[in-house]
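Below: one structure, written as structure tokens.
The values are calculated or read from the model by the stated rules, or taken from the named source; none is laboratory data. This one's a predicted model, so the numbers in the text were calculated from it and none came from an experiment. Cβ sites come from the backbone with ideal geometry, for glycine too, and all protein chains shown count toward neighbours.
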Ligand SMILES: [Mg+2]
Ligand SMILES: [Zn+2]
């Protein structure tokens, strides 16, 4: 198998071939850079990458190859994933590469520090291929709200790749990267995973450090892995997870043994709960069918499937659209044209600092960001706090109680990840409410802090597009997701005759992506 | 809860320091009215006895020892600044006239 | 800028009853900042004590400084406050270029310390109890320098420069309840209150408490109401009152100004006022308005603090003796009169004298040096006596040299100069400058013989019984020995030489 064939395999397989010396990291990284150059650029390109980190990625790869060639402790001490390349969502700061958050307001900004997860990737010597596209400041479910153009879904270039982490999901689905980092505030890892036929995990809140992820909603944000297999996500979460003293909300006791759980993959005697409120009405027929098939497969593997009710989930979306914009309005206040990023002078009138800030933010932020900032400002303002923000925080308690009651009955919960398959670019662009509904099944996990995983559950009958299956576990039980996910994944692969992504159409060669 | 109107949006835009044209204010008021309407049921969901949750995973007393760590050089600190002078960030006048 | 008309203080006091309130910000002297590990150091080059956290760069998160929390609790305990068992941080949101995140991380509904009190002793011994509403933790802002214009003030500036070194320095904000009943002693009470807070935090060792550096900063609220009325009048908040004298003057001025406004039948506008040291008056700042909607909400990036009784009691056991008790004890130990002691306190030299006495000097000698020669030199150098560079150990050593007869008082002053000039310890200065008293009779005798030979007529007078004429010869000897002889011994030797009875 040469490097160009190898890019379609899993990260675990790539790691094994690197370890055995069958292939070098430089070859592997170059093959991915070639793939990016072939499919990412031009009018009809995937546009998953905002920045391609050619030189540094090759240098890290060469260093790994040299260490392996030297043998001895240099080779022994290499991390299992050393030399396996990865893409990083452009919400996560990196030294040496621009970080834009998909916004004009940060165009060209270079962080003087690395996010904790990036430090961990560097420590594991994983070459960073570049920074991936996203909805501006991670606000959106389609990656159409990027200031740098939308990302296209590799399954159908006229469709959205989900969002906000559409770039990371599309890069992995298009074999431009075997692994990527995403961030998930209301579903931004899982919903793109669902509509691109990839695997994505939102770890337990606090299991992965948020330090260096540009905050949207601090109490909901979580960095997590994006991959093509369940095991790959487990391997990557083991690299990026763990306690970080620079994040006060970081857990000292996160779930461990994730890759082992994925390799073990056993559901015999497990109780799996269907959430009554998260399927049925409002869910596309093809999504429902695939969901029901997954339940059958799990039952066949020895799991007991029961139905549970989470009566307050009906309030989750509303609570989310109060808490998220409130925190975002505050977190985004720092983008004011004083210390970093864009500065714009007002078109008329005296350029006082207040007016320069207001003009900068008017020019630098897109419509969706402004909408959420204004909504959040409203929800926190005098006279409205109790009714909006305060009430939403109470709903959060109710959602947590629903989860607690459900997990008292079952080991994991299961639902479709997204109510629909990928919709057309532009279809919901001017209907924010319709856009928000995409996250109805993913949001409860963020409100409660519990972990969630999406994996491809096959293709919908009506449009042939991927459907995502979501698994949810109690807080700090991330390992359970990998254990159940790996079983379902292998059952589905058997049913579909191989990985779901093998069914994706071949991408035509596009105008080459320039290394920006 | 009253529907959100244009004057309110203008006030919120002032608070949030985002310059908005009249057209934008109108559009934003219309869109926000729809969104606010769709989330308003939240205020009736929970009774007074339900406590608020601000952190999904409850932790307490996360503190660090009083030890000095790394600093940026002034050059690094100012590297992203739109404008700087004499090692400091330069900002336009704060007050309108003298 | 229009000049406000004001009533005389006496007239204002005749008609109106003042109500005060104070918000005092205390900068803690931790090594690192409140939420970042950048150093908390005053006076360094701009933007060199910052890292990504206190600059508020995208992606950063705060982590709370444990020492700052403990210092805050110590302040609360010293102010007789209750310590919250559970408290949180909140974001106070407003845009200003000295505030990197455009919100200040502070506390809102549940301050760490609340419901305390402090007894303030006025000059005549009257004790006035001030109730403390709360003391909460927050972070300081950066420093703006206004450029262009003529005054360096914000008004008329062309642009401003921002240094974030101070950004994130830990603060404790101490807020009083409304203070009623001070009457015409309101300005005096204001000064005494801030002085007391300063003394407490300095005594606790949690702040350098230097007002000139902004370690202790006071916002003074003043309102007036007609005597007998229960409801408070509209208040103004005067910012930037950063010396004890200024606190007294600002409160006095606002009482006089409010009085004139109320007399003219106009309502007081609730607003912030700025104190101007040059004109000893306040000017209007920003009116309070809807724009002051701080949109507080719980800080999601920080978790709650839970204080256990054990933790609080451990801290309580670290409390030093309260300042008032300490003052009483020291005055009694030292035997100073009330006036002597007050002068020492006002000169800010209590600590220095205590250390000097502890190091072995008598209380009288310690006072003589600190309030005398050291204070005099400090005044010339325009610095605080404590900051002049004389250590208690130096004073003790000089005193010992005098007691042993190695130097006299006059030489001791030269020794002090030498120490201040960096010539070393007092003993080293004596050695280097050759200042030791000449006590070698042989050396003195030749100087005396020389002096007598130079003034034979005076020598004759003395021989003739005019003993008082010996002074001229003593003077001559002192001149030759450059002041290093003991004049008493010189006199004895001269009389002995001439065979005259003293
Ligand atoms: Mg205040
Ligand atoms: Zn304050």
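For the stretch C:115-154, how many residues are within 14 Å of chain B (Cβ to nearest Cβ) and either within 29 Å of residue C:32 (Cα to Cα) or in contact (Cβ under 8 Å) with a residue 24 or more places away in the chain (or both)?
Residues that pass the stated criteria total 7.
Of the conditions (1) more than 16 Å from ligand 1 (Cβ to nearest atom); (2) surrounded by fewer than 20 Cβ atoms within 10 Å (Cβ to Cβ); (3) part of a loop (DSSP other than H, G, I, E, B), residue C:141 fails just one. Which one is it?
(1)
Restricted to the stretch C:90-100, and to residues that are outside any strand (DSSP E or B) and crowded, with 23+ Cβ neighbours inside 10 Å, which residue is nearest to the other protein chains (Cβ to nearest Cβ)?
Taking the candidates together, the pick is C:97.
Can you name every residue in the stretch B:66-86 that is touching a strand residue (DSSP E or B) at 6+ places or on another chain (Cβ under 8 Å) and more than 9 Å from chain A (Cβ to nearest Cβ)?
If the condition is that a residue be touching a strand residue (DSSP E or B) at 6+ places or on another chain (Cβ under 8 Å) and more than 9 Å from chain A (Cβ to nearest Cβ), then B:66, B:67, B:68, B:69, B:71, B:84, B:85, B:86 are the ones that fit.
Name the residue, out of C:89, C:103, C:95, C:22, that is without any contact (Cβ under 8 Å) to a residue 24 or more places away in the chain and within 16 Å of ligand 1 (Cβ to nearest atom).
Exactly one residue qualifies, and that residue is C:103.
Which numbered condition trips up residue C:58, out of (1) assigned to a loop (DSSP other than H, G, I, E, B); (2) under 25 Å from the mean Cα position of the chain (by Cα)?
Answer for residue C:58: the failing condition is (2).
Within the stretch C:155-170, track down each residue that is surrounded by fewer than 24 Cβ atoms within 10 Å (Cβ to Cβ) and either within 16 Å of ligand 1 (Cβ to nearest atom) or more than 10 Å from chain B (Cβ to nearest Cβ) (or both).
C:166
Just checking: which of the helices (runs of 4 or more DSSP H) contained wholly in the stretch A:275-379 hold 2 or more residues that are more than 28 Å from residue A:463 (Cβ to Cβ) and either facing chain B (nearest Cβ under 8 Å) or more than 24 Å from the chain's Cα centre (by Cα) (or both)?
Correct list: A:316-331, A:353-364.
Within the stretch C:173-185, does at least one residue satisfy the condition of being more than 29 Å from residue C:74 (Cβ to Cβ), surrounded by 14 or more Cβ atoms within 10 Å (Cβ to Cβ) and either within 16 Å of ligand 1 (Cβ to nearest atom) or more than 14 Å from chain B (Cβ to nearest Cβ) (or both)?
Yes - at least one qualifying residue is present in the stretch C:173-185.
Do we find a residue being more than 16 Å from ligand 2 (Cβ to nearest atom) and within 14 Å of chain B (Cβ to nearest Cβ) anywhere in the stretch C:194-204?
Scanning the stretch C:194-204 turns up no residue that is more than 16 Å from ligand 2 (Cβ to nearest atom) and within 14 Å of chain B (Cβ to nearest Cβ).
Of everything in the stretch C:163-193, what is on the phi > 0 side of the Ramachandran plot and more than 16 Å from ligand 2 (Cβ to nearest atom)? Give them in sequence order.
C:181, C:183
Restricting attention to the stretch A:78-85, does a residue exist that is more than 23 Å from the chain's Cα centre (by Cα) and free of Cβ contacts under 8 Å to residues at least 60 places away in the same chain?
There is at least one residue in the stretch A:78-85 that is more than 23 Å from the chain's Cα centre (by Cα) and free of Cβ contacts under 8 Å to residues at least 60 places away in the same chain.
Identify all residues within the stretch C:209-227 that are away from ligand 1 (no atom under 16 Å from the Cβ), surrounded by 20 or more Cβ atoms within 10 Å (Cβ to Cβ) and within 19 Å of residue C:177 (Cβ to Cβ); write none if there are none.
C:223, C:224
Can you tell me which residue among C:254, C:230, C:277 is surrounded by fewer than 21 Cβ atoms within 10 Å (Cβ to Cβ) and within 33 Å of the chain's Cα centre (by Cα)?
Within the list C:254, C:230, C:277, the selection yields C:277.
Would you mind telling me which numbered condition in (1) crowded, with 18+ Cβ neighbours inside 10 Å; (2) under 23 Å from residue C:249 (Cβ atoms); (3) within 16 Å of ligand 1 (Cβ to nearest atom); (4) over 22 Å from the mean Cα position of the chain (by Cα) residue C:134 fails?
It is condition (2) that residue C:134 fails.
Look at the stretch B:21-56 and say how many of its residues are facing another protein chain (nearest Cβ under 7 Å) and either under 10 Å from residue A:374 (Cβ atoms) or in contact with a helix residue (DSSP H, G or I) (Cβ under 7 Å, 6 or more places away or on another chain) (or both).
Number of matching residues: 18.
Condition check: at negative phi, under 23 Å from the mean Cα position of the chain (by Cα) and outside the structural domain of residue C:494 (by TED's automatic domain parsing). Does residue C:377 satisfy that?
Yes; evaluated as a whole, the condition is true for this residue.
Exactly one of these conditions fails for residue C:110: (1) more than 15 Å from ligand 1 (Cβ to nearest atom); (2) within 30 Å of residue C:302 (Cβ to Cβ); (3) within 14 Å of chain B (Cβ to nearest Cβ); (4) buried (at least 19 other Cβ atoms within 10 Å of the Cβ). Give me its number.
Condition (4) is where residue C:110 drops out.
Here are some conditions: (1) touching a strand residue (DSSP E or B) at 6+ places or on another chain (Cβ under 6 Å); (2) more than 27 Å from residue B:4 (Cβ to Cβ); (3) at the interface with another protein chain (Cβ under 8 Å from one of its Cβ atoms). Residue A:411 meets all but one. Which one does it not meet?
Unmet for residue A:411, out of (1) touching a strand residue (DSSP E or B) at 6+ places or on another chain (Cβ under 6 Å); (2) more than 27 Å from residue B:4 (Cβ to Cβ); (3) at the interface with another protein chain (Cβ under 8 Å from one of its Cβ atoms): (3).
Report whether or not residue A:391 is surrounded by 24 or more Cβ atoms within 10 Å (Cβ to Cβ), facing chain B (nearest Cβ under 7 Å) and within 30 Å of residue A:478 (Cα to Cα).
In short, yes.
Among the residues of the stretch C:74-89, is there at least one that is surrounded by 24 or more Cβ atoms within 10 Å (Cβ to Cβ), within 12 Å of chain B (Cβ to nearest Cβ), modelled with pLDDT of 95 or more and in a loop (DSSP other than H, G, I, E, B)?
Within the stretch C:74-89 (the criterion being surrounded by 24 or more Cβ atoms within 10 Å (Cβ to Cβ), within 12 Å of chain B (Cβ to nearest Cβ), modelled with pLDDT of 95 or more and in a loop (DSSP other than H, G, I, E, B)), the answer is yes, since at least one residue qualifies.
Of (1) crowded, with 18+ Cβ neighbours inside 10 Å; (2) more than 16 Å from ligand 1 (Cβ to nearest atom), residue C:123 satisfies all except one. Which?
Going through (1) crowded, with 18+ Cβ neighbours inside 10 Å; (2) more than 16 Å from ligand 1 (Cβ to nearest atom) one by one, residue C:123 breaks only (1).
Quick check, is residue C:48 modelled with pLDDT of 95 or more, surrounded by 18 or more Cβ atoms within 10 Å (Cβ to Cβ) and not assigned by TED's automatic domain parsing to the domain that holds residue C:181?
When the stated conditions are applied, residue C:48 passes them.
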